[in-house]
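Worksheet: the structure to be examined is printed underneath.
Read-outs throughout are calculated quantities, based only on the coordinates presented, and are distinct from any laboratory measurement. Remember, predicted model here, so these are calculated numbers, not experimental data. Using ideal geometry, Cβ is built from the backbone for each residue, glycine included, and neighbour counts are taken over all protein chains shown.
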Amino acid sequence: MTDLATRDALEVPRLDVAAVRADFPILARQVHGRPLVYLDNAATSQTPRQVIEVFDDYYGRYNANIHRGLHTLADEATAAYEGTRETVRAFLGAAETREIVFTRGTTEAINLVAGAWGRANLKAGDEVLISRLEHHSNIVPWQLLSRELGFAIKVIPVDERGVLDLDAYARLFTERTRLVAVNHVSNAFGTVNPVREMARIAHEHGARILVDGAQAAPHQRVDVRDIDADFYAFSGHKVYGPTGAGVLYGKASLLEAMPPWQGGGEMIATVSFEHETTFADIPHKFEAGTPAVAEVIALGAALRWVSGVGLEAIGAWEAQLLARATERVSRIDGLRILGTAPDKAGVLSFVVDGAHSQDIGLLIDQLGVAIRTGHHCAQPLLHHFGVDATCRASFAAYNTLEEVDLFAEALERVISMVR
Ligand code: PLP
């Protein structure tokens, strides 16, 4: 622990970590007889009681299918579900609620853009730019579609710190570039990408930009209009919400022009065997079938919780945690941090000479510390850096400096055991 880290931590008075922690029942549990130190937040963040309570309330009081019922329960469920749309709109700074489509998560949102916008707008000879930093969920949907349609995928390179090369990015554009698909924050390295600038460059070339915000939404304020994103996606379970609910933001003009993605109930205006079936207005055109009603309502509670704590306070606090963790693990002999971008979210990825990441992950769990090991669904990135796997600690609003110290001590112990 450095004096600097302590002083800086004290200069972030807006986040009361003890009060934040009190909202998370799971943080009281023990793992292998030790207090849980949960540092796998980039995979899934924990859930405050305000979100957990939504499920009891919904299933205990007003469980009903939405939109089509005339009875009281259906009305209440519809109002709560549609209320979340407004919460998401405000959270993202979007202009209109009809620009907010509920999905199962980021993966489904990107597949929706590929399947609906991509299929209608891409053809052989076109080009899609994605970055070396992408999660598989922003790579594979484009690869699948490119096999079918024959467009080319070009990769925006990274430097040795895991920072995107913006000059190279600008040079990749041709008159056939139709789309840029890039993450806002890298899940593997924590790099924060300059998506506003990237959107400006994409638009200058007449291309659209899809931003994967899965790792940004929990850590910083997002304003889709300021970024000028054409599409923006995030997942509820990484932003203190439930699994099974996520968001696709799309500019209304784009969503309106897109064909439907999945067909079924809810997304139609009229269905006929004699005439053309017609579709509902956006966003309902993209929400076929019964959605995850309780999960979406709980997502609303999560976003209200995050906004109540304040994303600026959360981001500043996580920066303290990251600085402390970086400083502590840097002292460990033979430990190499991957991802050293100057602008980084709370993600610390590293490898250790003479120690397998998987062994570290398993052994540190025995000490109550949950980190993630593996390729983090970013194999092209890890292979570029010459590794198959890293250990990754990732931070959230409820983590403490003491937990960072416990993690660093546990890591030192585990490394001494496996070497
Ligand atoms: N994009 C990024 C950057 C991610 O970190 C993740 C999940 O780890 C995803 C997309 C996929 O999110 P989900 O599995 O919630 O669809």
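Jot down the radius of gyration and Dmax of the chain, Cα atoms only, both in angstrom.
Cα radius of gyration and Dmax of the chain are 22.1, 76 Å respectively.
Going through segment 222-322, which chymotrypsin sites (Phe, Trp or Tyr not before Pro) have at most 12 other Cβ atoms within 10 Å and a DSSP loop state? Working shown, then result.
Values: sites: PHE231, TYR232, PHE234, TYR240, TYR249, TRP261, PHE273, PHE279, PHE286, TRP305, TRP317; in loops: TYR240, TRP261, PHE273.
Within segment 222-322, the qualifying chymotrypsin sites (Phe, Trp or Tyr not before Pro) (loop, at most 12 other Cβ atoms within 10 Å) are PHE273.
Would you calculate the volume per residue, in Å³, of the smallest convex hull containing every Cα atom of segment 258-359?
Details: hull volume 21.5 nm³, N = 102.
Here the figure is 211 Å³ per residue.
Sort the following peptides by mean Cβ neighbour count (other Cβ atoms within 10 Å, averaged over residues), highest first: 92-103, 208-219. Mind showing how you got there, number by number?
Details: 92-103: 20.6, 208-219: 27.4.
Taking the mean over residues of other Cβ atoms within 10 Å, the ranking is 208-219, 92-103.
With r as the distance between the Cβ atoms of ASP281 and ALA43 and R0 = 51 Å, compute the FRET efficiency 1/(1 + (r/R0)^6) and round to 0.05.
Numbers: r = 36 Å, r/R0 = 0.70.
Once the sixth-power term is evaluated, E becomes 0.90.
Quick query: amide H of GLY339 versus all other amide H atoms, modeled in the peptide plane; which residues come in under 5 Å with a sequence gap of 5 or more or a different chain?
Residues meeting the criterion, in which the H sits 1.01 Å from N, do not exist here.
What number comes out for the charge environment of ARG49, summing +1 per Lys or Arg and -1 per Asp or Glu over other residues with Cβ under 11 Å away?
Values: positive: none; negative: ASP23, GLU53, ASP56.
Within the 11 Å Cβ shell, the charges total -3.
I'd like the Karplus ³J(HN,Hα) series for segment 173-179: coefficients 6.51, -1.76, 1.60, θ = phi - 60°, whole numbers in Hz, and an x wherever there's a Gly or Pro.
Here the 3J(HN,Hα) series is 6, 10, 6, 9, 6, 10, 8 Hz.
Around ALA292, under 15 Å between beta carbons, what's the net of Lys plus Arg minus Asp minus Glu among the other residues? Each step should come with its number before you reach the end.
Details: positive: ARG85, ARG104; negative: GLU82, GLU108, GLU266, GLU287, GLU295.
For residues surrounding ALA292, the net value is -3.
So how far, in whole Å, is the C-alpha centre of segment 198-235 from the one of segment 272-300?
Answer, in whole Å: 24.
Considering the Cα trace of segment 36-143, what is its radius of gyration and what is Dmax, both in angstroms?
Taking only Cα atoms of segment 36-143, I get Rg and Dmax of 18.5, 54 Å.
Please find the FRET efficiency linking ARG171 to SER253, where r is the Cβ-Cβ separation and R0 is fixed at 22 Å, and quote it to the nearest 0.05. Display every interim value, and only then the final one.
Working: r = 29 Å, r/R0 = 1.32.
Computed FRET efficiency for ARG171 and SER253: 0.15.
Taking 0.36 nm per residue of separation and subtracting the Cα-Cα distance, what length does fully extending GLU409 through ASP56 add? The partial results should precede the final answer.
On the way: separation 353, 0.36 × 353 = 127.08 nm, distance 3.92 nm.
Gain in length upon complete extension: 123.2 nm.
Pop the C-beta distance of ASP359 and ARG331 into the FRET formula with R0 = 25 Å and round what comes out to the nearest 0.05.
Numbers: r = 20 Å, r/R0 = 0.82.
E between ASP359 and ARG331, to the nearest 0.05, is 0.75.
Which net charge results when you count Lys and Arg as +1 and Asp and Glu as -1 among the other residues whose beta-carbon is under 14 Å from that of HIS384? Walk me through the intermediate numbers first.
On the way: positive: ARG132, ARG161; negative: GLU134, ASP159, GLU160, ASP165, ASP388.
With Lys, Arg at +1 and Asp, Glu at -1, the neighbours total -3.
In Å and from the alpha-carbon atoms only, list the Rg and Dmax of segment 347-419.
Values for segment 347-419 (Cα only, Rg and Dmax): 12.3, 34 Å.
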